[in-house]
1. Please list, short to long, the whole-number percent of alpha-carbon pairs of the protein assembly as shown in consecutive 20 angstrom bins beginning at zero.
2. Give me the three principal axis extents of chain B from the C-alpha atoms, as integers in angstrom, largest value leading.
3. Enumerate the calculated ³J(HN,Hα) couplings along region B:236-243 in order (Karplus 6.51 cos²θ - 1.76 cosθ + 1.60, θ = phi - 60°), each rounded to whole Hz, writing x wherever the residue is Gly or Pro.
4. Kindly express, to the nearest 10 degrees and within the range 0 to 90, the angle between helix A:79-92's C-alpha long axis and the longest C-alpha principal axis of chain A.
5. With θ set to phi - 60° and the Karplus curve 6.51 cos²θ - 1.76 cosθ + 1.60, what are the ³J(HN,Hα) couplings of region B:322-335 in order, to the nearest whole Hz, using x for Gly and Pro?
6. Mind giving me the FRET efficiency for B:Thr113 and B:Ala424? R0 is 51 Å, r the Cβ-Cβ distance, nearest 0.05 is fine.
7. Determine the alpha carbon to alpha carbon distance for each of B:Lys386/B:Lys483; B:Lys142/B:Lys350; B:Lys116/B:Lys140 and list only those over 21 Å.
8. Would you mind computing, in nm to one decimal, how far apart the modelled labels at A:Ala114 and B:Arg361 are, each placed 7 Å from Cα along Cα→Cβ?
Amino acid sequence: MISRVAEHCFWLARYLERAENVARVLDVNHTLLLDFHVPAEQQWKPILIITGLHDYPHEPTAENVQEYMTWDEKNPFSITSSMYWARENARIIREVISGEMWERINYYHLWLKADAREVYDTNRHEFYAQVKRINHLVHGIADATMSHGEAWEFFKLGTYLERASQTARIMDVKYHTLLPKVEDVGTPVDNAHWLAILMSCSGYEPFHKKPKSVPMEPGAAVAEFLLYDAEFPRSIRRCVWECEGAAEAAAGNPVGREPTAAERQIRELLDWFDSRTSADIMRDGLHEALTHIVDSVIKIGNAVHASFFAAEVKPPPRPRAAMSQSQS
Amino acid sequence: MAVATGSVRSAFSLNGHESPTVGPLLFDQYRLHPSAWDELFNRGGNPHDYCGALVDRLGRLHVTEFDNRRASADLAFVNQGVTFSVYADQRGVEKIFPFDLIPRPIPATEWATLEKGLEQRITALNKFLDDIYHDQRILKEKVIPEDLALGSKGFRKEMVGFRPPGGVYVHICGTDLIRDAAGNFVVLEDNGRTPSGVSYVLENRAVMKKVFPHLFQDIRVKRVEDYPHRLRDALASVAPEGAGSPPCVVVLSPGQYNSAYFEHSFLARHMGVELVFGPDLFVHDDVVYLKTTRGPQRVDVIYRRLDDDFLDPEAFRPDSLLGVPGLFRAYKAGNVTLANAVGTGVCDDKAVYPYVEDMIRFYLDGAEPILKNVPTYICARPDDLKYTLDHLEELVVKAVNESGGYGMLMGPSSTAAQRAEFAAKIRDNPRNYIAQPVVTLSTVPTWTDEGPAPRHVDLRPYIITGKSTWVLPGGLTRTALVKGSLVVNSSQGGGSKDTWVLEGR
C-alpha cells in the first residue's frame, strides 16, 4: 500500500489509543484516594509528568489538570487533540478505512465539539467512560468491516505500540507519585496506588484471576502482571509481541526475507524482556526499566517510519515501456 | 398565486400511512417567480405533465413533516462529513454543501436530446483540442481567430505535436446548462479542466433514497450510481501502451486541505483505486511510480485533480510542491495517461466557448449544434467591447479564466462604483473578459425559512469520454439559496438538489 496511507493508518490507531489511555488515567485518578488524604499536587502532577510535560505553568489542581489533559487544544496529548488528529488521519484515508468506521470517528469528533462538554461538567465518570468506548467501538467496527489486509496490520501496529508505551507510562505514575518514605511501601496508600494503576490498565479482574508468583507483595505482583502477562492484552510484553506479528505481516512473509529495521528493533525489546524476570526489574529499579521501555518504543516508532513510511525508493532498473527511450 | 397540489387525495403517504400532522401542505403557499420558467409547475400553477406524480406525492407532505425530514437529511450529511473546505484558517473549515430535498425532474425525452447535444459538444471539443495542438486547421480557415486561441492562458505550447494516449483530451467534462424563461436549455460554459461536484450528485441521491424511499418505488428515476465505475473503465480504456493488466489507475489530489478533498476521496473510494498526493509519486526513466510500503509500483493512468500549473515543477511552476517532478516528461514519453490531458484549458476559456457551435459545424461535417450557447460578447473584439462597456448595467461580465463565481459583475444588481471599476479592468485587458445578457434562470421550489419558494438553478451534467462517451443521467443541480440571486456556485453560498431524469414517457 501507499507508504503515506500506511502512516495515516498507524497514526489513526495511535491517537485513538492515546485518547483512551488519557481518559483511563484521568478517570482512575479522579476517583483514586478519595479515602486517603494525599495532597492534590502529589495526586495530579504525575499525570503531567508521564506524558512528558514537565513545565506545566499552572497549579496542578484536579480541575486544572483534567481540563488541560481533556480540552486544551494546545496540549498535544489532550483528549481533544488526540481525537482531532485521529479524525484528521481518518479523513485523509477515508478511501482505505470502512465507511462505518469513518462515520463513528466523525460522529465522536462532532460530539466532542458539541454535547460532550455538558457530560464532562455533569457526569465526569460517564464522560471518561464514553471516551474509552470510542476506541473500543472503532476497533470493533474496524475488525468487523475493514479488510484485514496491510492497512489493518498498520492499524494494529499503531494500536499495540502506543498501548505498550501507555502501559509503561501509567506504571511510571507510581514512581512519580512521591511517597515520602521507604517505610510506606506495602502500606494501604501504597497498595491503593498499585490498585489504581491496575485499574488504569483495565486489569483489575484479569489480575485477580491469576495465581500470584509473589502473593505477599501486591506491588510486585501487579508489576509482573502488567509487564509480562502473556494473555492480558495490555501487558507490555504482550503488546510488543503483537507489534512483532503486525510488523511481519505488514512487511510480507516470503521465505528468507531480510527482517526490516522495525522488526529488528521490536525483536530487541522482546529479547530484553526475555533476558530478565520481573523480580530482576523490581530489584534493579522499575522506573529505569520503564524508561528503557518508553525509549525503546520511540526507537521502534522511528524504525517503523524508516522501514515503511519513508523507505528509500529503489526503482526497478528496467522499466517496461520506457526501455526504448532509455536505449536510444 | 396558489399552486394546485392535486385534487384527488389518495390513501398514499410517504410513510405508507396518512400522517397525523396538521398544518399546510408542502406546496400550499408556493408562489411562482413572476418571469422564470419553473421546473415543477407551468404558468397555470399545475405540475408539468411529466412530473405530476412527483408533485402529487411530495405535495401530500405537511410542511412540518417535510422540515423533519430535511433535518434528518442535514444530519446525515454532517455525520458522514460530506463537506467542502473553506480556506479560512490552517486547519481548514469544513462546510456542508447545503442540500435541498425537493428534486428537480427532467423528462426522458428532453434528457435524450440533452444527452445527444452534450455528446456532440464533447466530440467537437476533443477534435478541436487535437486540431489546435496539431494541424490548426480551424485557425488556418479562420473559423476562430488565431490570437484568441493561441493567446489563451490554457493553451500549452508544450503540447503541440503530442497526442495523448487514446487520443482523448477531455475525459471528464462538466458542462453548465441553464433553462431560459421560455424553457429552453442553453449552454452557459464547459468545464474542461477539472470539473467538480459529481460526488454531491451521488451523495444527494443516497440521502434522498434514505429520506424518501417510497418516492423511488413509485417514480422511476435513472440511476446515477454507475458513475465511478464508468469513470474507472473509461480511464482504463485509454491507458498507455505497456500498461499493466488491469492498468493501475490513481486519483491525484493536491491534499487534504483542498476545498474538493472530500470529492477526491469519494471518487477514489468508489472507483476502488488509490488516492495519491504528489509526494506519493516519483518518476524514474520517464515512468511514474507510486511509493508503497513494499517498494515502487508503476502507475498507468492519473485522474489528476490539480491544474496544469501545479502538475510538474520541472515543466510548469517551479515553486509548486503539489505535483510530481518529471511527470510531464513521463507524459510526453507516452508512459502515463493524464485525465484530463494537459492544455485543455484552451477550450475551457470563456472567450473560446462562444465558438463551440462553429466547432461543431466545422468538425462534424456541418452538423447543426443540438445545444445552443448563451449569446456572448467577446471583449477582445472591438465591437463587442464597445457594446459591453455601453451596456454594463444589463450584462453579466466574467473574467475568462475564473471559476467559482469569482471575478464577475452582475450588471443589473451592481453599483455605479462597481461598474466603473469593472469598466476600467475591461479596458485594461479586454482579452480577459466576456459579457452575456442576464438570463433569468429557471426556478425550482426550494425550502426556505418561509417554506418552499422559487430559487434559481442551473444544471451541470458530467460527460465521461474514454474509448466511447457516456453522460451521467442528470447531473448537479445547483441552487441559489438567496432570493432573486442568479449565482449558484458553492463558493458563493449556493446549494444543490437531486436531479431526476425520469424513465419512460
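The values are calculated or read from the model by the stated rules, or taken from the named source; none is laboratory data. Remember, it's a predicted structure, so these values are computed and weren't measured experimentally. Note: ideal-geometry Cβ built from the backbone for every residue, glycine included; neighbour counts use all protein chains shown. Side chains included, ligands, DNA and RNA excluded: accessible areas come from the protein's heavy atoms. Shrake-Rupley method; radii C 1.70, N 1.55, O 1.52, S 1.80 Å.
1. Calculated over all Cα pairs of the protein assembly as shown, the distribution is 14, 38, 31, 15, 2, 0 percent.
2. 71, 61, 49
3. Couplings: 5, 5, 10, 5, x, 4, x, 5 Hz.
4. 10
5. Ordered by residue, 3J(HN,Hα) equals 7, x, 10, x, x, 4, 5, 4, 4, 5, 5, 6, x, 9 Hz.
6. E(calc), rounded to 0.05, equals 0.75.
7. B:Lys386/B:Lys483; B:Lys116/B:Lys140
8. Reported label-point gap for A:Ala114 and B:Arg361 is 5.7 nm.
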